[in-house]
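Values in this text are rule-based calculations from the coordinates and carry no lab data. The shown structure was predicted, so the numbers you read here are calculated from the model rather than taken from an experiment. Virtual Cβ from ideal backbone geometry, glycine too; neighbours counted across all protein chains shown.
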Amino acid sequence: MEVTIEEVPERTTLAIRERMTMESISDSMGRIYMALMSYIGSRGYEMTGPPYARYFCMDGDSFDVECGVPVKAPVEGAGDIVPSTLPGCKVAVVIHVGPYEGLKGTYDEFVPWLEENGHEVNVPMWEEYLTDPDVERDPEKWVTRIVWPI
């Protein structure tokens, strides 16, 4: 596992925030990203980065998650789709390559690394999905960027 330390800029996003369980997270995120992409496309908004999931609270099997997409400029939301912001800050980053089911193993290495290197393990943190599973069908090639503010 290779961890990098970076400064990331603040980014304007459109997002939907929901509480999910481990059992429902895949279906919930799929539904949310489809709604976001449809909304962005129908309004002619420009995406400026990959979809992300920001985790505000992780209570056992329950997650408070904001699923979003960075957009070019402040834009209007509608209904559950709301404007949001990913913070500009110093972060620790690790790249996970492989199926989403394998993310737990990456976290099992990343969290101790953060603690051993004197960083508080707080939320919210986020994942950026660099590979579109609808385009790249092989889960072994999916790339997820895990971003933890420090």
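Summary value for the chain: 31 percent relative contact order, contacts being C-alpha pairs under 8 angstrom separated by 6+ residues.
Classify the chain: rounded, prolate or oblate, from the alpha-carbon gyration tensor (a ≥ b ≥ c, eigenvalue square roots; a/c under 1.5 rounded; otherwise prolate if a/b is larger than b/c)? Note, shape of the chain comes out prolate. Within a straight-line Cα-Cα reach of under 24 Å, LYS72 can be paired with the following lysines, leaving aside sequence neighbours fewer than 8 residues apart in one chain: LYS90. Relative to the longest principal axis of the Cα atoms of the chain, helix 103-116 runs at roughly 60 degrees. Highest mobility in the GNM of the chain, judged by mean-square fluctuation with C-alpha springs under 10 Å and restricted to ALA78, ALA92, ALA15, is found for ALA78. Which whole-Hz ³J(HN,Hα) couplings does region 59-70 yield from phi under the Karplus relation 6.51 cos²θ - 1.76 cosθ + 1.60, θ = phi - 60°, glycine and proline marked x? For region 59-70, the Karplus curve yields 10, x, 9, 10, 10, 9, 10, 9, 9, x, 9, x Hz.
Helix 25-43 and the longest principal axis of the C-alpha atoms of the chain enclose an angle of approximately 40°. Each Cα pair under 8 Å and six or more residues apart adds its sequence gap; the mean of these over the residue count of region 1-67 is a relative contact order of 42 percent.
Cβ crowding within 10 Å, taken as a proxy for footprinting-reagent exposure, orders PHE56, PHE63 from fewest neighbours to most as PHE56, PHE63.
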